[in-house]
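The values are calculated or read from the model by the stated rules, or taken from the named source; none is laboratory data. The structure displayed is predicted, hence computed values, not measured ones. No Cβ is skipped: glycine too gets one built from the backbone with ideal geometry, and neighbour counts run over all protein chains shown.
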Amino acid sequence: MSVQELIEYFKREAEREEEYAKRLEDTASKSRNLMLKTLMKAVSLDSRKHAELYRALAAMLEKPSLVTEEESDAVLKEIERHIEEERSSIEELERLRKDERLKDNAPALFIIEMMLRDENFHHALLKRLHDSVVKPHTLTEKDLWEMLWRDALWHGTPGG
């Protein structure tokens with residue numbers, strides 16, 4: 001499969017996920033049961049997320065772009081803050097999962113465990129995001145100077 005075929009595949013998958021999300025939202029809107037409505041809506045949101053990820057994959061292959069050093073620093077600060085918030089949410093959900101008042105409430109425990117799974121995933125994802133996605137695509141001033149030096153004909157010496 002060529003790169004162009006892969007790009008087209010990602011675009012088709014994005015459309016498929018969007019259609020799936022619309023059908024789920026349609027079904028959810030017809031439900032009178034709050035649990036069903038909420039869970040169907042949650043799955044539809046995941047499908048929309050997947051569509052965005054497919055579009056990002058296609059765009060990344062079509063036109064790769066760099067991250068500025070300032071944006072990288074800002075993202076890193078936000079990631080660090082959000083990791084702390086995720087950690088706090090994980091602790092709270094763990095406490096709720098063990099709460100005696102909810103021990104026999106299967107629907108409530110199901111939702112709590114679903115959120116806990118998501119929070120744990122987000123926590124791990126954010127920890128890897130900067131090192132695996134942002135950092136490799138960041139062009140720093142140091143990188144520019146190293147490229148200039150590496151590609152210079154005489155490395156600062158008189159011409160030859």
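Would you check if there is a residue in the range 137-158 being surrounded by fewer than 12 Cβ atoms within 10 Å (Cβ to Cβ), part of a helix (DSSP H, G or I), of a type in the set (Phe, Trp, Tyr) and at pLDDT 90 or above? So far as the range 137-158 goes, no, none of its residues is surrounded by fewer than 12 Cβ atoms within 10 Å (Cβ to Cβ), part of a helix (DSSP H, G or I), of a type in the set (Phe, Trp, Tyr) and at pLDDT 90 or above. The residue that is farthest from Ala59 (Cα to Cα), counting only those in the range 1-27 that are over 25 Å from the mean Cα position of the chain (by Cα) and not polar (S, T, N, Q), is Asp26. I'm trying to understand the selection: among the residues of the range 16-37, which are of a type outside the set (Lys, Arg), loosely packed, with under 13 Cβ neighbours inside 10 Å and without any contact (Cβ under 8 Å) to a residue 60 or more places away in the chain? Scanning the range 16-37 gives Glu19, Asp26, Ser29, Asn33, Leu34.
Would the range 14-28 turn up any residue that is more than 20 Å from His122 (Cβ to Cβ), of a type in the set (Val, Ile, Thr) and in a helix (DSSP H, G or I)? Yes - at least one qualifying residue is present in the range 14-28. When you check Leu57 against the structure, is it loosely packed, with under 15 Cβ neighbours inside 10 Å, in contact (Cβ under 8 Å) with a residue 12 or more places away in the chain and within 29 Å of Met1 (Cβ to Cβ), yes or no? When the stated conditions are applied, Leu57 does not pass them. When you check Val43 against the structure, is it surrounded by 13 or more Cβ atoms within 10 Å (Cβ to Cβ), under 15 Å from the mean Cα position of the chain (by Cα) and among the β-branched types (Val, Ile, Thr), yes or no? In short, no.
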